[in-house]
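The values are calculated or read from the model by the stated rules, or taken from the named source; none is laboratory data. If you're wondering where the values come from, they're calculated on a predicted model, not measured in any experiment. Cβ: placed from backbone, ideal geometry, glycine included. Neighbour counts: every protein chain shown. These area figures cover heavy atoms from the full protein model, side chains too; ligands, DNA and RNA do not enter into them. Shrake-Rupley method; radii C 1.70, N 1.55, O 1.52, S 1.80 Å.
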Amino acid sequence: MEKIKMTTPLVELDGDEMTRILWADIKSVLLEPYIDLKTVYFDLGLPEREKTADQVTVDSANAIKEYGVGVKCATITPNAQRVEEYQLTEMWKSPNGTIRAILDGTVFRAPIMVKGISPVVKNWKEPITIARHAYGDVYRCVEYRVPGPGVAELVFSGKGGTDFRQTIFDFDGAGVIQGQYNKDESISSFARSCFQFAIDTRQDLWFSTKDTISKKYDHTFKDIFADIYEAEYKAQFEALGITYFYTLIDDAVARVIRSKGGFIWACKNYDGDVMSDMVSTAFGSLAMMTSVLVSPDGKYEYEAAHGTVTQHYYRYLQGENPSTNPMATIFAWTGALAKRGELDGNAALTEFAHKLEQASVATIESGVMTKDLAGLWEGELPATAVDSGVFLQSIRINLEKLLEA
């Protein structure tokens, strides 16, 4: 078949370790034989981030702002051990955090559901989409290790002359303090992204914070959501028969566990980070979770929701062929290609992306899967655990059947 043409390139953000290996394999086996793939390439592997003092991450985010759609491989956020392993001059910040801050976007994560793998929570029948605010909070905080007795204060010096000063704690010994922030503008963008995504997908929207304890910080989130809903989205929600529901984060957790799924759960940055891992694991695997960052001005970055699979990478370096699940990375590519096709009016590209998703799911449902899924398998056909290379080739066989149909 003739390769599908692209009119506008994707912004391609390469990554680290085992997912970097899978990234190249997915392109060579499942994409390049069928698409005249055009990308603007950025290497976000840790060595290149070190070489450029992390400027490459900033440049990649600005490229997404320019071209509209990006696709990102998993990357390392270095800790002290990684600084030593990669001989870094600095403990570089999370690339995801940097990109999210530049795009001011909201991360939507939802499980990839297949027949034969049931959620651990047996009453979950439909996907639960986590909407994570991707700005500020602990990810952009300032911290200080208190060495001994002293007074910690919260101080604000306003440019208009407004000053605020309040004691946080009078330390009688060593401890730790942390300062977090957020902006009304970013919270408003988060709210609008969530309301619009709910309308686009025809799903109920839940939102949760701890405003009874955090009477200024979390309550600001609650108030902004409520004001925007009433002024801009209530009529559309009612016309579609969907609901907006606010509750405390602890109550939301209890309600989510008892629910059947089928809604969007909007969370602040840290809550969304934690709850997306809980939801994805309960549905089967972190490697079976889609993730898309959506900015308020309609820019999109698709990525896998998991890490770089370090242990598999070490085994790969020793000559093994590990059974690493590539599904989330495949769906990052398909999501980006489908959106690129949608924005460009390229129906062939969007259709190909959907068929690749169908082929990937069909491969698992036929009993062929990676090792992480074989232990969860409840299907009628026997489960065959294969390495990543065999799994990709099996997907390609199913893809070609769909393309020929």
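Summary of values
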quantity	calculated
The one condition in (1) under 21 Å from the mean Cα position of the chain (by Cα); (2) charged (D, E, K, R); (3) closer than 27 Å to Ile395 by Cα that Arg49 fails to fulfil	(3)
Every residue from the range 271-285 that is surrounded by 21 or more Cβ atoms within 10 Å (Cβ to Cβ) and of a type in the set (A, V, I, L, M, F, W, C)	Met275, Val279, Phe283
Near pairs, Cβ below 6 angstrom, 6+ apart or cross-chain, from the range 121-150 (among the hydroxyl-bearing types (Ser, Thr, Tyr)) to any residue that is assigned to a helix (DSSP H, G or I)	Tyr135/Ala101; Tyr135/Ser186; Tyr139/Gly97; Tyr139/Asn269
One residue from Lys159, Lys222 being open to solvent by 60 Å² or more (accessible area, probe 1.4 Å) and either hydrophobic (A, V, I, L, M, F, W, C) or farther than 20 Å from Phe237 by Cα (or both)	Lys159
Any chance Thr98 is out of contact with any Asp or Glu (no Cβ under 6 Å at 6 or more places or on another chain), among the hydroxyl-bearing types (Ser, Thr, Tyr), open to solvent by 10 Å² or more (accessible area, probe 1.4 Å) and assigned to a loop (DSSP other than H, G, I, E, B)	no
Residue check for Ile242: outside any loop (DSSP other than H, G, I, E, B) and of a type outside the set (Lys, Arg)	no
Residue in the range 41-93 that is modelled with the lowest pLDDT, counting only those that are of a type in the set (S, T, N, Q) and crowded, with 16+ Cβ neighbours inside 10 Å	Thr77
Cross-chain or 6+ apart pairs with Cβ under 8 Å, the range 229-253 first and more than 25 Å from Val121 (Cβ to Cβ), then among the hydroxyl-bearing types (Ser, Thr, Tyr) and modelled with pLDDT of 95 or more	Tyr229/Tyr244; Tyr233/Tyr244; Lys234/Tyr244; Phe237/Tyr229; Phe237/Thr243; Phe237/Tyr244
Ala336 being open to solvent by less than 30 Å² (accessible area, probe 1.4 Å) and not basic (Lys, Arg)	yes
From Thr57, Thr7, Thr98, Thr106, residue being over 30 Å from Ser394 (Cβ atoms) and touching a Cys at 6+ places or on another chain (Cβ under 7 Å)	Thr106
Ser280 vs. criteria under 14 Å from the mean Cα position of the chain (by Cα), under 28 Å from Gly375 (Cα atoms), in a helix (DSSP H, G or I) and not aromatic (Phe, Trp, Tyr)	yes
The range 172-210: number of residues that are under 24 Å from Glu153 (Cβ atoms) and either of a type outside the set (A, V, I, L, M) or loosely packed, with under 15 Cβ neighbours inside 10 Å (or both)	13
Residue in the range 260-270 that is open to solvent by 30 Å² or more (accessible area, probe 1.4 Å) and at pLDDT 95 or above present	yes
Filter result for Ala131 (over 29 Å from Lys93 (Cα atoms) and open to solvent by less than 10 Å² (accessible area, probe 1.4 Å))	no
Those residues of the range 23-32 which are touching a residue at least 40 places away in the same chain (Cβ under 8 Å) and either β-branched (Val, Ile, Thr) or open to solvent by 40 Å² or more (accessible area, probe 1.4 Å) (or both), in sequence order	Asp25, Ile26, Val29
Subset tally (residues that are under 19 Å from the mean Cα position of the chain (by Cα), outside any strand (DSSP E or B) and of a type in the set (Ser, Thr, Tyr)) for the range 124-164	2
Strands (runs of 3 or more DSSP E) wholly inside the range 1-75 that include at least 1 residues being of a type in the set (Asp, Glu)	10-14, 39-43
Which listed residue, of Thr350, Thr384, Thr363, Thr370, is at pLDDT 95 or above and loosely packed, with under 15 Cβ neighbours inside 10 Å	Thr384
Pairs where the first residue, in the range 212-223, is of a type in the set (Val, Ile, Thr) and the second is not in a helix (DSSP H, G or I), C-beta under 7 Å, 6+ apart	Thr212/Leu248
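Quick grid of which residues meet (1) in contact with a Gly (Cβ under 8 Å, 6 or more places away or on another chain); (2) over 18 Å from Gly335 (Cα atoms); (3) without any contact (Cβ under 8 Å) to a residue 12 or more places away in the chain:
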{"site": "Asp16", "(1), (2), (3)": "yes, yes, no"}
{"site": "Ile21", "(1), (2), (3)": "no, yes, no"}
{"site": "Leu44", "(1), (2), (3)": "yes, yes, no"}
{"site": "Ile64", "(1), (2), (3)": "yes, no, no"}
